[in-house]
1. Name the residues in region 21-62 that are surrounded by 13 or more Cβ atoms within 10 Å (Cβ to Cβ) and not aliphatic (A, V, I, L, M), would you?
2. What helices (runs of 4 or more DSSP H) lie completely within region 61-119 and have 1 or more residues being modelled with pLDDT under 95, within 17 Å of A16 (Cα to Cα) and in contact with a Ser or Thr (Cβ under 6 Å, 6 or more places away or on another chain)?
3. When you look at S4, is it within 18 Å of V140 (Cβ to Cβ), surrounded by 13 or more Cβ atoms within 10 Å (Cβ to Cβ) and hydroxyl-bearing (S, T, Y), yes or no?
4. With respect to I27, is the statement that it is assigned to a helix (DSSP H, G or I) and under 12 Å from the mean Cα position of the chain (by Cα) true?
Amino acid sequence: MNESLKYVGFWKRVIASLVDAALIGLITFPLLIGEYGFDYFESDEIFQPLGPFDFILNWIVPFIIYMLFWNYYQSTPGKMIFKAKIVDSKTGDKPSIAQFVIRYFSYIISLLLLFLGYIWVAFDKRKQGFHDKLAKTVVVQPKILEPEPVIFSESSEEE
């Protein structure tokens with residue numbers, strides 16, 4: 001047990017996911033608009049790519065981005081806001097590439113089950129979503145220590 005770490009809870013992970021999605025959107029949306037125009041966003045087919053470019057931008061690019069961030073930082077920009085890292089649930093070490101791949105594709109399972117796999121984080125004692133459980137990972141962050149008291153060397157009283 002590591003006394004200096006704690007599990008990252010539901011709301012922090014929601015915020016981290018929204019930040020990550022927004023950053024990926026900043027990369028992909030302009031390219032999609034450039035290729036397909038604004039009509040792209042009016043399509044009723046959410047999971048059916050409009051072509052190879054669409055498939056690459058919406059499926060391959062995010063996978064590569066996540067794998068790179070997870071492999072090099074054990075985190076994503078959203079998780080970095082909270083100094084959170086993904087670690088192996090048994091050892092606390094960096095997960096393997098296989099664990100990262102399982103974790104990524106398990107996001108789809110969590111999503112298809114009406115987001116239950118993500119919501120599960122709020123109720124699990126180790127704050128694991130289905131994707132964490134399947135990949136045998138947890139998301140941790142340093143415990144926040146009490147801040148030092150503020151001391152000024154001179155007081156500036158108004159006269």
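1. T28, F29, E35, Y36, Y40, P49, F53, D54, F55, N58, P62
2. On the way: elements: 61-73, 77-80, 97-112, 116-119.
Output list reads 116-119.
3. Details: within 18 Å of V140 (Cβ to Cβ): yes; surrounded by 13 or more Cβ atoms within 10 Å (Cβ to Cβ): no; hydroxyl-bearing (S, T, Y): yes.
Criteria not met by S4.
4. Values: assigned to a helix (DSSP H, G or I): yes; under 12 Å from the mean Cα position of the chain (by Cα): no.
So I27 fails the test.
The values are calculated or read from the model by the stated rules, or taken from the named source; none is laboratory data. This one's a predicted model, so the numbers in the text were calculated from it and none came from an experiment. Neighbour counts run over all protein chains shown; Cβ positions are idealised from the backbone, glycine included.
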